[in-house]
Amino acid sequence: MPFLTAPSWQDPARGPVTNASVLSPLPAASKTKKTWSGPTIAVRPEMLATGDTRGPDFICIGGQKAGTRWLFDQLDDHPQFWMPPIKELHYFDLSDRFMKAATPIYERAKIGLPEANRKRKRANQRLITEEDVNWLEARFWLHGKPINLDEYARLFNPRGSRLSGDICPPYAIIPDERARSVRDHFPNTTIIYLARDPIERLWSQYCMNVRRFDRPNPTDLAQVRSFVEKGTGLRHSKITDVLARWRTGPEDDRFRLYFFDDLKRDAQGLRRRIVNELGADDVPPSTELPADFNRKQKQAKVVMSDEVRAYLIPLFADEIRTLADEFGGPAVDWKNKHGL
């Protein structure tokens, strides 16, 4: 195993753990940020103690702003899939964002499932059950502890005979050695990546940032440049780096790359391809969720100025040319669109 593997150890609260399933966390970040502790689960939930450790059928590692929410909604609505009650598990990126998003869901459910589900029904989300509450407690218990791949694997056992997976775009940019450890430990898990024009993808992430923080003058070049230089946008748009991190090679039959362009052009066709390649049937025609359902379609967008586009194109020119050469199709369209 890679060097992130920790030595064998015994924790009375967790039981024996072998060095094949536990990865050391990253060193603490140098700058202070707000952390979310969430509910305290004192005893390891039974879900994590025993059971199948084959892991998820698939892990979708992104790309961020490339249709991962669409994919989650489609699979969550599919009768042959069981998906967690929250989209992003944030297990391998060691983020507090799971706690921030999941705690309100859990607290509402503990007050009463009927009230919690009224809110979810209005939001076009599947209704949660007592099993989902137990699942949330298991994920809460794992938070802040060293990565344990066997316990992570058991998070997907509620699927029964169905398919299940983890959809979390930040996984695209986790450390290389951690990604390799995940691939080594789960050799039969399919890795899914939704690729989007790197420039358009970064701009969509920037628009999300503008909405969250209500930034003035969003088209100001200095502000865009600061976002590029200080944030994760550049790393998320370096698709070749993501491929090098997660794919074992061009012939990797457990790595699936799909294009955001196909989602825009033919959502039903892309859904059919993905579920078929994961081993399921396409959603029956009677489903209540249309293939092109987009819960984010009403979000405000900022139009990219010519000045900003002229700044971004040189940053990604070589990246786009390389992708066009390897994948053709939509990647060639990206190259032509940007005059490369």
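For a protection proxy built on the mean count of beta-carbon atoms within 10 angstrom, sort 60-70, 324-334, 116-126 highest first, please.
So the order, starting with the most tightly packed, is 60-70, 324-334, 116-126.
If the only charges are +1 at each Lys and Arg Cβ and -1 at each Asp and Glu Cβ, what is the size of the charge dipole of the range 159-209 around the Cα centre, to the nearest 20 debye?
Roughly 220 debye, rounded to the nearest 20.
List the GluC sites (Glu not before Pro) within the range 97-166 that fall in a DSSP loop (any state other than H, G, I, E or B) and whose Cβ has at most 13 other Cβ atoms within 10 Å.
Hits after loop and neighbour filter: nothing returned.
Pick from D132, D77, D266 the residue whose mean-square fluctuation is largest in a GNM of the chain, springs joining Cα atoms under 10 Å.
For the chain, modelled as a Gaussian network with Cα springs under 10 Å, the answer is D266.
Would you please calculate the Kirkwood hydrodynamic radius of the chain over all C-alpha pairs and express it in Å, rounded to one decimal?
After inverting the pairwise mean of 1/r, the radius is 21.4 Å.
Counting each DSSP H run of 4 or more residues in the chain as -39500 (n - 2.57), what helix-only mean residue ellipticity at 222 nm follows after dividing by all residues, to the nearest 500 deg cm²/dmol?
Here the helix-only value at 222 nm equals -13500 deg cm²/dmol.
Using a ≥ b ≥ c from the Cα gyration tensor of the range 266-340 (square roots of the eigenvalues), is it rounded, prolate or oblate, where a/c under 1.5 gives rounded and otherwise the larger of a/b and b/c decides, a/b for prolate?
Oblate shape, in that a/c is at least 1.5 and b/c is the bigger or equal ratio.
What is the spin-label model distance, in nm, from D266 to A244 if the labels are put 7 Å beyond Cα along the C-beta direction?
3.4
Return the long-range amide H neighbours of N148 (sequence gap of 5 or more, or a different chain), with a cut-off of under 5 Å between placed amide H atoms.
L23
What percent antiparallel are the DSSP beta bridges of the chain, to the nearest 5?
Counting DSSP beta bridges with both partners in the chain, the antiparallel share is about 35 percent.
What is the helix-to-structure angle for 306-327, meaning the angle in degrees between its Cα long axis and the longest Cα principal axis of the chain, kept from 0 to 90 and rounded to the nearest 10?
Once rounded, one gets 70 degrees.
Quick one: the Cα spread of the range 127-283 along its three principal axes, in angstroms, biggest first?
51, 36, 36
Each reported figure results from applying straightforward, stated rules to the coordinates on display, with no laboratory input. All values derive from a computational prediction rather than experimental measurement. Please note: Cβ atoms are built from the backbone with ideal geometry, for glycine as well, and neighbour counts cover all protein chains shown.
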